[in-house]
1. Going by the conditions given, is Asp73 of a type in the set (D, E, K, R) and either within 13 Å of the ligand (Cβ to nearest atom) or in a helix (DSSP H, G or I) (or both)?
2. Restricting attention to the range 56-70, and to residues there that are more than 7 Å from the ligand (Cβ to nearest atom) and of a type in the set (Gly, Ala, Ser), which single residue is surrounded by the fewest Cβ atoms within 10 Å (Cβ to Cβ)?
3. Do you know which residues across the range 145-194 are over 26 Å from Asn86 (Cα atoms), small (Gly, Ala, Ser) and not in a helix (DSSP H, G or I)?
4. Would you point out which residue out of Ala107, Ala91, Ala102 is in a helix (DSSP H, G or I) and among the small types (Gly, Ala, Ser)?
5. Would you mind stating whether Ile89 is crowded, with 22+ Cβ neighbours inside 10 Å, within 29 Å of Ala124 (Cα to Cα) and either among the β-branched types (Val, Ile, Thr) or within 16 Å of the ligand (Cβ to nearest atom) (or both)?
6. Just to be sure before I move on: is Ser142 within 13 Å of the ligand (Cβ to nearest atom), within 30 Å of Ala47 (Cβ to Cβ) and part of a loop (DSSP other than H, G, I, E, B) in the structure I sent?
7. For the range 115-130, enumerate the residues that are within 12 Å of the ligand (Cβ to nearest atom) and more than 19 Å from Glu190 (Cβ to Cβ).
8. Considering the range 110-125 alone, what residues qualify as being under 16 Å from Val198 (Cβ atoms) and either hydrophobic (A, V, I, L, M, F, W, C) or without any contact (Cβ under 8 Å) to a residue 12 or more places away in the chain (or both)?
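The values are calculated or read from the model by the stated rules, or taken from the named source; none is laboratory data. This structure is a prediction, so every number in the text was calculated from the model and none was measured. Please note: Cβ atoms are built from the backbone with ideal geometry, for glycine as well, and neighbour counts cover all protein chains shown.
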Amino acid sequence: MTDGLRVEVDGPVATLTLDRPEALNALTIPMKLALRAELERIAVDRAVRAVILTGAGRAFCAGQDLAERERPDAAPLDEEVRERYNPIIRALRSMGQPVIAAVNGVAAGAGASLAFACDLRIAAADARFVLAFGRIGLIPDSGATWLLPRLVGAARAAEMALVGDPISAEEALRIGLVSRVVPNDDLQAEARTLADRVAAGAPLAVALTKGALERAATIDLDEALEGEAKLQGIAGASADHAEGLAAFREKRAPQFTGE
Ligand code: LHQ
């Protein structure tokens, strides 16, 4: 696909690469529209079981393209956020397939938010996260105020948002913002290995698990327990559960179909 987004589907894994390396993959309107459309398309594509989001060149994403904001016809900021960023974040959070951010360099501003909205984050050794919003007199958006405290706790989220020092890959690993740091040259292969492992899971159970983790952030324990019971009823009635039991009994790897 053009518009600064490269889409590759290989087996059960779709890789979305933000592809404007000359501007550190800063997000333009065509990129935002393409990213939203692609996520919404993948959400209903049963052949795709895991997604990798990464950046071309030396950056993951430098956030909003600041040159675009200086155009006389730029939309008001609230409209830009509501209509072009928020749908991307909702799509990432609501699609059944897990999304892995392969953070290959700097993730700044809304670029950091994109990584926060993914289900898993792995980082190259030279990745860094910068809540660059404050430097230009803006607030963290695209879900950052909601997602970041849930990922790293209130104290660290406040420091990242209010002080804004870059967080190195090593520090991100220490505070739980990413789950793995790998050598730069190994990032894409590691992301693919992780995606393949996710894709080997039972798609229905994986989607239900993602949804349960998402809802857990806003409900109490009783609601979570009841929710788990309901979802387990659904997962337990699936053909994939029967296949999982059969595979265990027969000492072989399960072949899940999503049924
Ligand atoms: C860029 C950008 C960029 C354009 C690097 N735009 N060209 C905001 C408004 C609207 C709606 C909703 O939400 C938001 C949320 C946001 O995302 S606000 C935050 C926007 N992002 C930033 O403020 C980050 C700006 N960039 C930087 O601070 C630095 O470039 C970082 C720290 C990311 C990387 O620094 P360096 O590694 O030193 O690279 P660089 O600064 O030399 O950048 C390389 C090129 O990329 C350069 O172009 P040039 O033609 O001079 O080579 C930059 O102008 C361009 N670039 N970020 N956001």
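1. Considered against the rule, which asks whether it is of a type in the set (D, E, K, R) and either within 13 Å of the ligand (Cβ to nearest atom) or in a helix (DSSP H, G or I) (or both), Asp73 comes out as no.
2. Gly57
3. Listed by number, the list holds a single entry, Ser168.
4. Selected residue: Ala91, the only one of Ala107, Ala91, Ala102 that is in a helix (DSSP H, G or I) and among the small types (Gly, Ala, Ser).
5. Answer is yes for this residue.
6. Yes; evaluated as a whole, the condition is true for this residue.
7. Val130, the sole residue that qualifies.
8. Within the range 110-125, Cys118, Leu120, Ile122 meet the criteria.
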